[in-house]
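Structure record follows, encoded as structure tokens.
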Amino acid sequence: MLTVRPAASSRAATAAAPSRTVVEDVRPRVDDGRYAAKAVVGDPVQVEADAFADGHDLLRCELQWRPAGSRSWKRRLMAPLGNDRWRAIFVPTELGRYQFQVRAQIDPLATWLHDLRARVDAGQDVAVELVVGADLMNAAAEQVRGAARQHLTELADRVRRPGFDPAELFTAAATALLAGLPSPEPSTTSDPYEVYADRPRARFSSWYELFPRSTATRLGRHGTFRDVVRRLDYVARLGFDVLYLPPIHPIGTTNRKGRNGAVTADPTDVGSPWAIGGTAGGHTAVHPDLGTLADFDAVVAAAGKRGIEVALDLAYQCSPDHPWVREHPQWFKHRPDGSIRYAENPPKRYEDVYPLDFDTADWRALWDALREVVEFWIDHGVRIFRVDNPHTKAFAFWEWLIPTIQAEHPDVLFLAEAFTRPKVMYRLAKIGFTQSYTYFTWRTAKWELEQYLTELTNRPVADFFRPNFWPNTPDILTEQLQHGGAATFRVRALLAATLTANYGVYGPVFELGEHRPRHAGSEEYLDGEKYEVRRFKLDAADSLAPLLERLNRIRRDHAALQHDRTLTFHRIDNDQLIAYSKSVPAGVEDIGTADGAPVLVVVNLDPAYQQSGWVELDLAALGVDGERGYVVHDLLNGGCYRWEGSRNFVMLDPEVTPGHVFQVQPASDGAGA
């Protein structure tokens, strides 16, 4: 016998039915929302999600966002991309964290209108369906105010009248009125996710590294901060906007390294700046030979007047003479014989450096002391820190330090100098580092560059990792630079400056083309600045300074080169030639005085021989009509050419130019050659 259970009288029996919609795969999402994705104030954040429901009903999908801590959400309808994928953008307007989420629900009015059109097209009687629609319009009118309510009510009244022509509902005015109205259906909302909005320099910057002690104009004299001030006009003329200074602190004398890293130093040897600490102080002191803190403040102020920010090296390690070694011995690892273990990366040994012990039982005090170092230099005007070897310190420390600093100083940026395993580099970016050094230094072949850049400029990596390309560093003189000649330096500068929006050079050894290694098989410079004071002839006839100046001006004047995510590689039938383009991302409105046209770059990767080939352009990526023709202006070398179609010929002689940097524009009558 079948028993029918009566309806429950509980509260659950009268509750609304569960939502039929599903929201999945929201992007950007870093480690399922554990970490914030990266964004920039004023730049659009593109949010995508899968949203769908059972059956054939249409959805209303909405993006909601707000600054972290705000109670009210801003809202924007998402556009369907096909295959149940949706997209919308929002633009952060202030520094700091933002939350966003995606909300989806059945849209009965949109579903009704869609089905009505199908019925009308099929010649069916829709009299009853019009009444259904009028009821839906009246229900929607209860959820809106002002003119929209009046227009909906008036339209519902007309729909109910005998003889109403359904075609009126398919006009642009009617569909606009009915689109995006509130739905009474249950909704599904994703988990909230976060982005951190940095200032624009996080996205676009040009770095120049120099050792203050090598800025003196007289041979044999130790440079000072006042010499750095005099060097600023040179850096500004080259067009760099970030001046990175290696450690400026007192240098220890115990186990001091001599020239070329010799274990035994002569009395006149100045030691490595990364052996931090001495009788004059530690991480919050400056080397007496450089000047005073007031002199450093003058550098920061003078740089600012020239549009340059000073980035300071943050190297959390100590020489044996650092005050912390005496005052806080528990912050260092001791060996069984009682001695402190010095830094080493077998077989390399750094007898002049003690690493800090992040496993110490006194870790809270250590962390606070390291935070105070950052805050000290912030108080002296520093807003960018290049962090030395962050992968050798605890992840948990950085995950605490960076948000702690940015909570009070959201404009502070951190560059991770971590040449290590990919997953470790990516982890550092996820936990807060603003920018990151990369493997570009060793990527030389066309296929390597294309594969690596495709990874860096697309999701998921692009959501959390901002690359900063350096052709060289004080520790890295690649084999290619050692043996490739001046043409290789030009090629690497062009690639670094145009493949990514953030790049830097270790100068002036780069623009002067220094290429001698300490010994065969070494990537360290012979007579490198790490261990001695140098003097450079900046006005040398063969200096690459004019090229760097030109590249930085092109980067500054063309907004396409100030972004990474639009990078597109174009096929070219010669593996010694590489072609790629960039454009201003959709939704970016404020590009200042920069030109917004796409930029196409073609580079000869062979420093020894002329190379030629046919480049097959993705015209859609460049935004031009190949049949009408278009003009390419060579920003690097001069010249203007009219091209047609997607296939065009290029030839590059490394003795003349490393490549072309083309501004791409639609053709006008008489334009081009």
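The values are calculated or read from the model by the stated rules, or taken from the named source; none is laboratory data. Computed from a predicted model, the values in this text were never measured in an experiment. So basically every Cβ, Gly included, is an ideal-geometry build from the backbone, and we count neighbours across all protein chains shown. Remember, those area values only see protein heavy atoms, side chains included, never the ligands or the DNA or RNA. Shrake-Rupley method; radii C 1.70, N 1.55, O 1.52, S 1.80 Å.
Which residue out of 414, 419 is under 30 Å from residue 513 (Cα atoms), modelled with pLDDT of 95 or more and crowded, with 22+ Cβ neighbours inside 10 Å?
It is 414.
Which pairs have Cβ atoms under 6 Å, sit 6 or more apart or on different chains, and link a residue in region 514-532 that is farther than 22 Å from residue 265 by Cβ to one that is of a type outside the set (Ser, Thr, Tyr)?
515/481; 515/482; 523/476; 523/477
Within region 598-628, how many residues are under 21 Å from the mean Cα position of the chain (by Cα) and part of a loop (DSSP other than H, G, I, E, B)?
Residues in region 598-628 being under 21 Å from the mean Cα position of the chain (by Cα) and part of a loop (DSSP other than H, G, I, E, B): 1 in total.
Restricted to region 639-652, and to residues that are free of Cβ contacts under 8 Å to residues at least 60 places away in the same chain and outside any loop (DSSP other than H, G, I, E, B), which residue is surrounded by the fewest Cβ atoms within 10 Å (Cβ to Cβ)?
Within region 639-652, the match that is surrounded by the fewest Cβ atoms within 10 Å (Cβ to Cβ) is 649.
Applying the selection to region 45-65, what residues are open to solvent by 40 Å² or more (accessible area, probe 1.4 Å) and either among the small types (Gly, Ala, Ser) or on the phi > 0 side of the Ramachandran plot (or both)?
Result: 55, single match.
Tell me yes or no: at least one residue of region 141-152 is loosely packed, with under 15 Cβ neighbours inside 10 Å, closer than 27 Å to residue 190 by Cα and among the aliphatic types (A, V, I, L, M).
Within region 141-152 (the criterion being loosely packed, with under 15 Cβ neighbours inside 10 Å, closer than 27 Å to residue 190 by Cα and among the aliphatic types (A, V, I, L, M)), the answer is yes, since at least one residue qualifies.
Among the residues of region 111-133, is any under 43 Å from the mean Cα position of the chain (by Cα) and buried (at least 17 other Cβ atoms within 10 Å of the Cβ)?
Among the residues of region 111-133, at least one is under 43 Å from the mean Cα position of the chain (by Cα) and buried (at least 17 other Cβ atoms within 10 Å of the Cβ), which makes the answer yes.
Answer yes or no: is there a residue in region 278-290 that is within 22 Å of residue 209 (Cα to Cα), in contact (Cβ under 8 Å) with a residue 60 or more places away in the chain, surrounded by fewer than 19 Cβ atoms within 10 Å (Cβ to Cβ) and of a type in the set (Ser, Thr, Tyr).
Yes - at least one qualifying residue is present in region 278-290.
Taking only pairs six or more apart or across chains, which ones have beta-carbon atoms under 9 Å, a first residue in region 474-495 that is farther than 16 Å from residue 446 by Cβ, and a second residue that is open to solvent by 40 Å² or more (accessible area, probe 1.4 Å) and among the hydrophobic types (A, V, I, L, M, F, W, C)?
Here the result reads 475/419; 476/419; 476/442; 477/526; 478/442; 479/442; 485/608; 487/608, each pair linking region 474-495 to a residue that is open to solvent by 40 Å² or more (accessible area, probe 1.4 Å) and among the hydrophobic types (A, V, I, L, M, F, W, C).
Is it the case, given these coordinates, that residue 155 is open to solvent by less than 40 Å² (accessible area, probe 1.4 Å), modelled with pLDDT under 90, closer than 26 Å to residue 78 by Cα and among the aliphatic types (A, V, I, L, M)?
Answer is no for this residue.
Can you tell me which residue among 553, 535 is open to solvent by 30 Å² or more (accessible area, probe 1.4 Å) and not in a loop (DSSP other than H, G, I, E, B)?
553
Anything in region 440-463 that is more than 18 Å from residue 601 (Cβ to Cβ) and either open to solvent by 70 Å² or more (accessible area, probe 1.4 Å) or among the polar types (S, T, N, Q) (or both)? List them, or say none.
Passing the criteria: 441, 442, 455, 458, 459, 460.
Exactly one condition in (1) touching a helix residue (DSSP H, G or I) at 6+ places or on another chain (Cβ under 8 Å); (2) open to solvent by less than 40 Å² (accessible area, probe 1.4 Å) is not met by residue 195; state its number.
(1)
Could you count how many residues in region 198-223 are open to solvent by 30 Å² or more (accessible area, probe 1.4 Å) and either assigned to a strand (DSSP E or B) or within 30 Å of residue 509 (Cα to Cα) (or both)?
So the answer is 10.
Checking residue 604 against (1) free of Cβ contacts under 8 Å to residues at least 60 places away in the same chain; (2) open to solvent by less than 30 Å² (accessible area, probe 1.4 Å); (3) not charged (D, E, K, R), which single condition isn't satisfied?
Unmet for residue 604, out of (1) free of Cβ contacts under 8 Å to residues at least 60 places away in the same chain; (2) open to solvent by less than 30 Å² (accessible area, probe 1.4 Å); (3) not charged (D, E, K, R): (1).
On the given criteria, is residue 626 open to solvent by 20 Å² or more (accessible area, probe 1.4 Å) and either over 20 Å from residue 492 (Cβ atoms) or in contact with a Ser or Thr (Cβ under 7 Å, 6 or more places away or on another chain) (or both)?
Taking the combined requirement at face value, the residue does not satisfy it.
Taking residue 636, is it touching a Leu at 6+ places or on another chain (Cβ under 8 Å) and surrounded by 20 or more Cβ atoms within 10 Å (Cβ to Cβ)?
no
Tell me whether region 286-300 contains one or more residues that are closer than 30 Å to residue 364 by Cα, in contact with a strand residue (DSSP E or B) (Cβ under 7 Å, 6 or more places away or on another chain) and part of a loop (DSSP other than H, G, I, E, B).
Yes, some residue in region 286-300 is closer than 30 Å to residue 364 by Cα, in contact with a strand residue (DSSP E or B) (Cβ under 7 Å, 6 or more places away or on another chain) and part of a loop (DSSP other than H, G, I, E, B).
Looking only at region 435-447, decide whether some residue is free of Cβ contacts under 8 Å to residues at least 24 places away in the same chain and assigned to a loop (DSSP other than H, G, I, E, B).
Yes, region 435-447 contains a residue that is free of Cβ contacts under 8 Å to residues at least 24 places away in the same chain and assigned to a loop (DSSP other than H, G, I, E, B).
Taking the condition touching a His at 6+ places or on another chain (Cβ under 7 Å) and open to solvent by less than 50 Å² (accessible area, probe 1.4 Å), does residue 424 pass?
Answer is yes for this residue.
Looking at the structure I just gave you, is residue 8 at pLDDT below 95 and out of contact with any His (no Cβ under 6 Å at 6 or more places or on another chain)?
yes
Anything in region 24-37 that is in contact with a Lys or Arg (Cβ under 9 Å, 6 or more places away or on another chain) and either in a loop (DSSP other than H, G, I, E, B) or open to solvent by 30 Å² or more (accessible area, probe 1.4 Å) (or both)? List them, or say none.
Residues satisfying the conditions are 25, 27, 28, 31, 34, 36.
Could you look through region 347-380, keep only residues that are assigned to a loop (DSSP other than H, G, I, E, B) and open to solvent by 100 Å² or more (accessible area, probe 1.4 Å), and pick out the one that is modelled with the highest pLDDT?
So, considering only residues that are assigned to a loop (DSSP other than H, G, I, E, B) and open to solvent by 100 Å² or more (accessible area, probe 1.4 Å), the one modelled with the highest pLDDT is 361.
Tell me the residue from 424, 353, 461 that is β-branched (Val, Ile, Thr) and closer than 17 Å to residue 313 by Cα, please.
On inspection, the qualifying residue turns out to be 353.
Among (1) free of Cβ contacts under 8 Å to residues at least 40 places away in the same chain; (2) surrounded by fewer than 16 Cβ atoms within 10 Å (Cβ to Cβ); (3) not hydrophobic (A, V, I, L, M, F, W, C), which single condition is residue 574 missing?
Unmet condition: (2).
Among the polar types (S, T, N, Q), surrounded by fewer than 17 Cβ atoms within 10 Å (Cβ to Cβ) and in a loop (DSSP other than H, G, I, E, B) - does that describe any residue in region 387-399?
Scanning region 387-399, I find no residue that is among the polar types (S, T, N, Q), surrounded by fewer than 17 Cβ atoms within 10 Å (Cβ to Cβ) and in a loop (DSSP other than H, G, I, E, B), so the answer is no.
Report whether or not residue 526 is touching a Pro at 6+ places or on another chain (Cβ under 9 Å), surrounded by fewer than 18 Cβ atoms within 10 Å (Cβ to Cβ) and over 25 Å from residue 442 (Cβ atoms).
Criteria not met by residue 526.
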